[in-house]
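Asks: First the structure, which I've put down as structure tokens, then a few questions once you've had a look.
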């Protein structure tokens, strides 16, 4: 059995404890022994992508120290996994990203499991997040796992491959353009009529969920958007 | 279809470039563009149409990825031995009867071009669509020295008549719909036929008749080039309308302004690029007109052939190992058409002749110190890299340019503070705990609707969730017991 370290990411650390909990539940259900090194903080992506290379390199080195001892590092974020794989080699020369797996990569490519024994009797639409899909090349991996969930009804999201407009500090620096992108994403999400909108990154879901929440306060009951949920929580569900 | 429809009343021409402040920072200019519903509708419709066509044509080729790899490799080779290839091109073009000029910058290129026009005894030129001449503002220079340049590409003609600026590399009038184009023709073309409708065929015919008169009287033509083949000294222009072919063959004198990055080592390299370019740009298997010429020839085409090799910042870009991949660009515009930012703002907001994702990495490098805001005009979604036929890793270059700075002082302090917390796990945990406890009085609201600056930039359109009551760390510690 590989020694599996869980990287929960700073966003989940601060806002979404239920997502890493779900990852632990899924992996333990499959018989893996998961460890959570408490000294972890952030992969450094915000700093790197905002242009603060030195700060990002310092955080990348901490990541290396904290996760160095593990055979496999599993994280519920396509974006953070891509950061370690694409940017660490340039920042610090570290190849630890080769051992970092976004959850669906670990489940399908390492554990070799497509049906994780979940049950989720709801309608769900799936947004393929940009970094997971394009930088990491996840393809339809999270969707394949979702398709195997008992009771789930998956609904296609129109213009699914378009960015939601989050982009880290882009959402602040170019707030108006970001908001225009978000408005379209929220409209498409509401058009599906699904109960839940699933994705592989809680940062994108914070953005989409924040937009939907804002709209829902004034929208008529039948035009309320889906609730954002990390797909790991669906995979952990046995309801 | 619309030929029988009642003709809507003509509206006054207001060029988009006049409304969107040029020289303003991108976020500001973008905000203006976002507030123009007709512009946004036109852009969304046009980019959506080209996007779908491109996807279909690219999907037909099972060796697309290998073509991209090959093109990227050829371009990287060109960048590694650009000086040698430029001299080889000069030698071969000169031997074939062309005159090759070297221009360090826009000023030199414009002066050389104006001198050649005067030398030919002309005061007017007809133009083939060319980004290089837009970049050096050749038309504006000609105007200033008493010469006149007439655009003959349909979209460039529309933009010129509207006294506007191009908003797209390939489709410069993408921000206009056909009703607006009819109004522009009616009010500005002089010889527009009476009762002109907004039927595309009628509009094209009106432009054809207008342009034909220009082609027949022009003594000098100005073009750019899509490719310059070092091995043979040939130039290549790829186009759709045939106006380029008219300009390249009818006038006595031809001046081509060519960025030095347009060089290709061998003629056979065209095999790769001619498969990639039409599919990526117009979404066609093949473009209607491809003109190749090598120097001059008696009794066939222009007698006096000039090539102006243009640097204008390119060797500076070449010196940056990460940034120089921007010089691989073949100006197909696929990145503009898939960009969620470009689709919503259009080209004018970028404040540079090269807009969209490629502009965001090219403009700040061609003009260092200007356009520092452009590398941030992207959510780093990566759609541009996915479609780029020469595999320019645009997100990589965007991040690279952001890392060159400069950074705003307040932001720098905030980033430094965040890093200080994140670099010390005990501090980080304490900060998260403080946020959880500090937000407790407001927790029942579930979401924050208003935050102080810079959080206000977030809450302008989205709510922010509250920190949780219990975090993952507490849960983990509890179950370890």
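The values are calculated or read from the model by the stated rules, or taken from the named source; none is laboratory data. In this text the structure is predicted, and so the values were computed from the model without any measurement. Counting neighbours? That spans all protein chains shown, and the Cβs are built from the backbone with ideal geometry, glycine included.
Asks: For residues in the stretch A:23-57 being outside any loop (DSSP other than H, G, I, E, B) and without any contact (Cβ under 8 Å) to a residue 12 or more places away in the chain, which is farthest from the other protein chains (Cβ to nearest Cβ)?
Replies: Checked the stretch A:23-57; the qualifying residue farthest from the other protein chains (Cβ to nearest Cβ) is A:28.
Asks: Let me ask another. Would a scan of the stretch A:123-131 turn up a residue that is free of Cβ contacts under 8 Å to residues at least 24 places away in the same chain and either part of a helix (DSSP H, G or I) or in contact with a strand residue (DSSP E or B) (Cβ under 6 Å, 6 or more places away or on another chain) (or both)?
Replies: The answer is no; no qualifying residue exists.
Asks: Can you tell me which residues in the stretch A:158-204 are more than 10 Å from chain B (Cβ to nearest Cβ) and without any contact (Cβ under 8 Å) to a residue 40 or more places away in the chain?
Replies: Of everything in the stretch A:158-204, those that are more than 10 Å from chain B (Cβ to nearest Cβ) and without any contact (Cβ under 8 Å) to a residue 40 or more places away in the chain turn out to be A:158, A:160, A:187, A:188, A:190, A:191.
Asks: Within the stretch B:373-404, count every residue that is surrounded by fewer than 23 Cβ atoms within 10 Å (Cβ to Cβ), touching a residue at least 24 places away in the same chain (Cβ under 8 Å) and assigned to a loop (DSSP other than H, G, I, E, B).
Replies: Total satisfying the criteria: 3.
Asks: Moving on to the next point. Have a look at A:70, A:88 and point out the one that is assigned to a loop (DSSP other than H, G, I, E, B) and either in contact (Cβ under 8 Å) with a residue 60 or more places away in the chain or within 14 Å of another protein chain (Cβ to nearest Cβ) (or both).
Replies: Being assigned to a loop (DSSP other than H, G, I, E, B) and either in contact (Cβ under 8 Å) with a residue 60 or more places away in the chain or within 14 Å of another protein chain (Cβ to nearest Cβ) (or both) holds for just one of A:70, A:88, which is A:70.
Asks: On the given criteria, is residue A:60 part of a helix (DSSP H, G or I), facing another protein chain (nearest Cβ under 10 Å) and either over 17 Å from residue A:100 (Cα atoms) or in contact with a helix residue (DSSP H, G or I) (Cβ under 8 Å, 6 or more places away or on another chain) (or both)?
Replies: In short, no.
Let's see how each residue does on (1) assigned to a helix (DSSP H, G or I); (2) over 22 Å from residue B:98 (Cβ atoms); (3) without any contact (Cβ under 8 Å) to a residue 60 or more places away in the chain; (4) within 17 Å of the chain's Cα centre (by Cα):
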{"site": "B:113", "(1), (2), (3), (4)": "yes, no, no, no"}
{"site": "B:126", "(1), (2), (3), (4)": "no, no, no, no"}
{"site": "B:157", "(1), (2), (3), (4)": "yes, yes, yes, no"}
{"site": "B:164", "(1), (2), (3), (4)": "no, yes, no, yes"}
{"site": "B:171", "(1), (2), (3), (4)": "no, yes, no, yes"}
{"site": "B:175", "(1), (2), (3), (4)": "no, yes, no, yes"}
{"site": "B:179", "(1), (2), (3), (4)": "yes, yes, no, no"}
{"site": "B:190", "(1), (2), (3), (4)": "no, yes, yes, no"}
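Asks: Can you confirm whether the stretch A:208-221 contains a residue that is modelled with pLDDT under 95, in a loop (DSSP other than H, G, I, E, B), within 13 Å of chain B (Cβ to nearest Cβ) and farther than 28 Å from residue B:26 by Cα?
Replies: The answer is yes, given that some residue of the stretch A:208-221 is modelled with pLDDT under 95, in a loop (DSSP other than H, G, I, E, B), within 13 Å of chain B (Cβ to nearest Cβ) and farther than 28 Å from residue B:26 by Cα.
Asks: Taking the options B:17, B:24, B:29, name whichever one is more than 14 Å from chain A (Cβ to nearest Cβ), in contact (Cβ under 8 Å) with a residue 12 or more places away in the chain, surrounded by 14 or more Cβ atoms within 10 Å (Cβ to Cβ) and farther than 22 Å from residue B:389 by Cβ.
Replies: B:17
Asks: Let me ask something additional. Select, from A:227, A:187, the only residue that is under 28 Å from residue A:113 (Cα atoms) and modelled with pLDDT of 95 or more.
Replies: A:227
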